[in-house]
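Participant: Please find one structure pasted underneath; my questions will follow.
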Amino acid sequence: MLEVRDLSVKYGHFTALHAVNLTVEPGEIVVLLGANGAGKSTLFRTLSGLQRPSGGAATWRGTPLTGGRPEFNVAHGVAQCPEGRLLFPELSVEKNLRLGAFVHRRDPAGTARELERVYELFPAMVDKRHAPAGSLSGGQQQMVAIGRALMARPDLLLLDEPSLGLAPLVVEQVFAALQRVNAGGVSVLLAEQNAFAALGIAHRGYVLEGGRVTLQGEQRMLMTDDRVRSAYLGV
Ligand code: ATP
């Protein structure tokens, strides 16, 4: 499982994460709710090995993720789909996808198999495979970004705000695809401000406020919690 224990991150004198504790069990979809600036991206960057913590630990299946080597984390099954997608807009969809298989560059047959699985997951990508990624709609670009992360063959997928800027119907499609990915055995940690859609597919969740976990619980408990309803569900 993913085990985050007393994880703290500082930027200079500013503490962005205060001793955060969180777990993701194999097979779970766990949502991390939080407003802008709550520390969601900081947590993801830390779990990806891009940011060194100032204290605490994070492990996936017992392997430390905080050694500051992103490629190591990807090779050990943890892939991130970053906020804002960060595709290469001039490169084709397929080239963007193939970039995600960087850690498997010595296994071209495995990469070809994974590419087919991504096209099965997102059939709309097949006709677009040679189109520049930047020419796709926002929803399709998000699917390419998720597909690129899957090309690393992760068993833990970190998704930072996949619904950002997407129309409700497109959000539904993206989240339905995430459920299929999860059903295929990939655990998911999902950071979202769109609590309604995220809680619709999550098993459990955490609320992050000012770099601290202030609430955690099962999906149903969070859905009915007054604080969650007023802060994140607009009720
Ligand atoms: P958003 O959805 O807006 O990205 P977030 O919940 O992901 O929000 P973070 O990006 O992790 O939040 O930021 C947490 C806090 O840390 C914010 O107050 C932010 O201003 C600060 N912060 C983030 N990156 C840096 C940095 N490189 N240097 C200094 N402060 C930073």
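Participant: Calculate, in nm to one decimal, what GLU71 and GLU172 gain on full extension: separation in residues at 0.36 nm each, minus their alpha carbon distance.
Facilitator: Gain in length upon complete extension: 33.2 nm.
Participant: How large is ³J(HN,Hα) for each residue in the stretch 84-95, as worked out from phi by the Karplus curve 6.51 cos²θ - 1.76 cosθ + 1.60 (θ = phi - 60°), to whole Hz, x for Gly and Pro?
Facilitator: Residue by residue, the stretch 84-95 yields x, 6, 6, 7, 8, x, 7, 7, 5, 3, 5, 5 Hz.
Participant: Return the sequence-ordered ³J(HN,Hα) values of the stretch 211-221 in whole Hz as given by the Karplus equation 6.51 cos²θ - 1.76 cosθ + 1.60 applied to θ = phi - 60°, using x for Gly and Pro.
Facilitator: For the stretch 211-221, the Karplus-derived couplings read x, 10, 6, 10, 7, 8, x, 5, 3, 5, 5 Hz, x marking Gly and Pro.
Participant: Taking the chain as the reference, fit the longest principal axis to its C-alpha atoms, fit the long axis of helix 108-121 to the helix C-alpha atoms, and give the angle between the two in degrees, 0 to 90, nearest 10.
Facilitator: With both axes taken from Cα atoms, the answer is about 70 degrees.
Participant: Go ahead and collect, in residue order, the members of the stretch 179-197 whose backbone nitrogen is under 20 Å from a label point 7 Å along the Cα-Cβ direction of LEU233.
Facilitator: 190-197
Participant: What does the net charge come to around MET1 if you take all other residues with beta carbon closer than 9 Å to its beta carbon, with K and R at +1 and D and E at -1?
Facilitator: With Lys, Arg at +1 and Asp, Glu at -1, the neighbours total -2.
Participant: Let me ask another. Would you please state which residues of the stretch 31-52 a label at MET221 would reach in this model, taking the label point 7 Å out along Cα→Cβ and a backbone N cut-off of under 16 Å?
Facilitator: 31-33, by backbone N distance to the label point.
Participant: How long is the gain from MET1 to ARG105 if the chain were fully straight, where each residue apart is worth 0.36 nm and the alpha carbon distance is subtracted?
Facilitator: Result for the pair: 34.8 nm of gain on full extension.
Participant: Setting aside same-chain residues fewer than 8 positions from LYS40, which lysines have a Cα under 24 Å from its Cα?
Facilitator: LYS10
Participant: How much length, in nm to one decimal, is gained on full extension between SER137 and ARG113, taken as 0.36 nm per residue of separation minus their Cα-Cα distance?
Facilitator: Difference between extended and current length: 6.1 nm.
Participant: How large is ³J(HN,Hα), in whole Hz, for each residue of the stretch 100-106 in order, when computed from phi with the Karplus curve 6.51 cos²θ - 1.76 cosθ + 1.60 and θ = phi - 60°, using x for Gly and Pro?
Facilitator: Once θ is set to phi - 60°, the couplings for the stretch 100-106 become x, 8, 3, 6, 10, 4, 8 Hz.
Bear in mind these aren't lab numbers, they're just calculated from the coordinates by the rules spelled out. These numbers were taken from a predicted model, which means no experiment stands behind them. Heads up, the Cβs are rebuilt from the backbone with ideal geometry, glycines too, and the neighbour counts pull from every protein chain shown.
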